[in-house]
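Student: This is the structure, below, for whatever I ask next.
The values are calculated or read from the model by the stated rules, or taken from the named source; none is laboratory data. Quantities reported herein were computed from a predicted structural model and do not represent experimental measurements. Please note: Cβ atoms are built from the backbone with ideal geometry, for glycine as well, and neighbour counts cover all protein chains shown.
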Amino acid sequence: MKIAIFSNDGPSSRKVAEALKAKIAAEHLTIDDDHPEIVITVGGDGTLLTAFHHYQDQLASIRFVGIHTGHLGFYTDWRDYEVDQLIDSLANDNGQSVTYPLLDIGVEYDNGAYEKLLALNESTLKRAMGTMQANVYIKDKLFELFRGDGLCVSTPTGSTAYNKSAGGAVLSSELEAIQVSEIASINNRVFRTLGSPLIISPSEWVRVEPAQEGEMLLTCDTELVSHQQVKAITYRISKQKIAFAQYRHTQFWQRVSESFIGVKPND
């Protein structure tokens, strides 16, 4: 088995990463940062998101494992003091995995350029300055003219991140769906939006066309992708998925309960 270790720069994470390397060598497993079968991230959810984008061209052949070295991470199943147990699981790996949906993002720029992106959590679109106005289409049919700070489009697992802060619903990770949530929409006697999150099925897609000139701020997970003039953005469920090695992968709703309510099993 070929394993990559992807760590953040924190001293506790580096210490865990070095311990992992030594124990992996002792088990006669192979360290391969270029073409791994397992990617072990050491840090938190931010580290895992960075690793996801680093290896996104190899998702079909990679499973991820997350170790968190600080606060509880939503995607990370192992603690920094459980390295020995994780090594035992790696040594007895039988290919078990669990997969989560991803978000395809197609960006058309005014200069004719086109860019395709992939998100694990979400994408947001805002205007660089002032209120954003944008026509929102569902399956190429105009749905509304949005006015407000911006829009957040998320995956089911990403629904627990920025989407939740924007008032969106938490979606089960077993749903093949994406969610569109408004960020501080303007609703009065003159301007109206739906004012509720939209859940979009796999057979549908969302197209957002800015209705005024000016630079747009487009994000893909934690990265600022562009501040160019955007012509349109199309969002849909990706045919690709992210896979996690299911040695003891925490059930989705248990993650939600532990992360936001503080309830642990048998509490």
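Student: Sort through 57, 93, 80 and tell me the only one that's loosely packed, with under 14 Cβ neighbours inside 10 Å and not hydroxyl-bearing (Ser, Thr, Tyr).
Tutor: Just a single option satisfies the conditions, and that option is 57.
Student: Which number in (1) at pLDDT 95 or above; (2) crowded, with 20+ Cβ neighbours inside 10 Å marks the one condition that residue 230 misses?
Tutor: Condition not satisfied by residue 230: (1).
Student: In addition: Can you tell me which residue in the stretch 109-148 is modelled with the lowest pLDDT, limited to those that are surrounded by fewer than 15 Cβ atoms within 10 Å (Cβ to Cβ) and under 17 Å from residue 185 (Cα atoms)?
Tutor: Result: 128.
Student: In the stretch 168-183, how many residues are surrounded by fewer than 19 Cβ atoms within 10 Å (Cβ to Cβ) and out of contact with any Pro (no Cβ under 7 Å at 6 or more places or on another chain)?
Tutor: Looking only at that region, the number is 2.
Student: Another one. Evaluate the following for residue 67: is it under 23 Å from the mean Cα position of the chain (by Cα) and closer than 30 Å to residue 193 by Cα? Working first, answer last.
Tutor: Numbers: under 23 Å from the mean Cα position of the chain (by Cα): yes; closer than 30 Å to residue 193 by Cα: no.
Here the answer is no, as residue 67 does not meet what is asked.
Student: What's the number of the only condition in (1) modelled with pLDDT of 95 or more; (2) farther than 27 Å from residue 117 by Cβ that residue 81 fails to meet?
Tutor: (1)
Student: Here's something else I'd like to know. Which residues, taken from the stretch 116-130, are over 8 Å from the mean Cα position of the chain (by Cα) and either within 13 Å of residue 237 (Cα to Cα) or of a type outside the set (Ser, Thr, Tyr) (or both)?
Tutor: Passing the criteria: 116, 117, 118, 123, 125, 126, 127, 128, 129, 130.
Student: Filter the stretch 1-41 for residues that are among the acidic types (Asp, Glu) and closer than 18 Å to residue 54 by Cβ and give the result.
Tutor: Matches in the stretch 1-41: 9, 32, 33, 34, 37.
Student: Which ranges mark the strands (runs of 3 or more DSSP E) fully within the stretch 40-147 that have 1 or more residues being without any contact (Cβ under 8 Å) to a residue 40 or more places away in the chain, within 23 Å of residue 24 (Cβ to Cβ) and not polar (S, T, N, Q)?
Tutor: Per the criteria, 63-68.
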